[in-house]
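Asker: Quick one: structure below, then a few questions.
The values are calculated or read from the model by the stated rules, or taken from the named source; none is laboratory data. Keep in mind it's a predicted model, so treat the numbers as computed, not measured. Because the Cβ atoms are built from the backbone with ideal geometry, glycine has one as well, and the counts that use them run over all protein chains shown.
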Amino acid sequence: MSTRVVLYALLAPALALALAGCGRPDGGEVETVNEQGTIVVAALGDSIHAGSPYWDPDPDVRASYGDDLDEQSQWEYWAARKDARLSFRNCGVWGERTDEIAERLERCAGGAEVLVVQGGINDIAQGRDVEPAAENLRSMVRRGKELGLRVTIANVLPWNRGWPAAQEPISRLNELIDELARDEGVPVLPFYATLE
């Protein structure tokens, strides 16, 4: 079983717990189940959300994968298997930085009950400072809350091919993600700890 599949299988219950445990800052609950009994989850992020390397939400990209195509490489697949009420809108785009991801938030989140924000590894891969990436992530979390969504954020997973140079910026960005999650009252999906 691949490391990615293990990640996704472990994150499915974490997402279920995050959805069960988050509410509004005033203590009220945010309704996440629509009239059809479905929880629509907008998964906004980069290739990690998309399901790379074996899946992509874009059918044109998937067509280029040939026999390597595997929908089980997206963590959303495993979360939906864990809780059949979950219906994912996979808004992951390969290679995008947090500023680019933020531009797609409104389009992705429309009609959803839950927003999962994820990003930052491409900011690091492109040699950008992590503080602006953290601010972009914070802005997405805040906007999701303003839209009345239940919001959770994923931290940045380890990047084996970027080691050791990427380790410090990943650690720093994850510290900032933990801080913003505390400030904003949203749960963190532990991508890093799950794969480390």
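Asker: Looking at (1) on the phi > 0 side of the Ramachandran plot; (2) of a type outside the set (Val, Ile, Thr); (3) within 15 Å of the chain's Cα centre (by Cα), can you tell me which one Gly127 breaks?
Answerer: That leaves (3) as the condition not met.
Asker: Please specify each residue of segment 63-92 satisfying the condition of being surrounded by fewer than 16 Cβ atoms within 10 Å (Cβ to Cβ), over 19 Å from Val40 (Cβ atoms), of a type outside the set (A, V, I, L, M) and out of contact with any Phe, Trp or Tyr (no Cβ under 6 Å at 6 or more places or on another chain).
Answerer: Those that are surrounded by fewer than 16 Cβ atoms within 10 Å (Cβ to Cβ), over 19 Å from Val40 (Cβ atoms), of a type outside the set (A, V, I, L, M) and out of contact with any Phe, Trp or Tyr (no Cβ under 6 Å at 6 or more places or on another chain): Ser64, Tyr65, Gly66, Asp67.
Asker: List every residue pair whose Cβ atoms sit under 7 Å apart, with the two residues 6 or more apart in sequence or on different chains, where the first one lies in segment 91-110 and is among the polar types (S, T, N, Q) and the second, anywhere, is crowded, with 22+ Cβ neighbours inside 10 Å.
Answerer: Matching pairs, first to second residue: Thr98/Gly119; Thr98/Gly120; Thr98/Asp123; Thr98/Ala133; Thr98/Leu137.
Asker: Name every residue in segment 144-180 that is of a type in the set (A, V, I, L, M) and farther than 19 Å from Glu113 by Cβ, in order of residue number. Show your work before the answer.
Answerer: So the first thing to find is which residues in segment 144-180 are of a type in the set (A, V, I, L, M), and the list is 147, 149, 151, 153-154, 156-157, 165-166, 170, 173, 176-177, 180.
Across segment 144-180, the qualifying residues are Val156, Leu157, Ala165, Ala166, Ile170, Leu173, Leu176, Ile177, Leu180.
Asker: Another one. Any residue at all in segment 56-77 that is among the small types (Gly, Ala, Ser), assigned to a helix (DSSP H, G or I) and at pLDDT 95 or above?
Answerer: Within segment 56-77, none of the residues are among the small types (Gly, Ala, Ser), assigned to a helix (DSSP H, G or I) and at pLDDT 95 or above.
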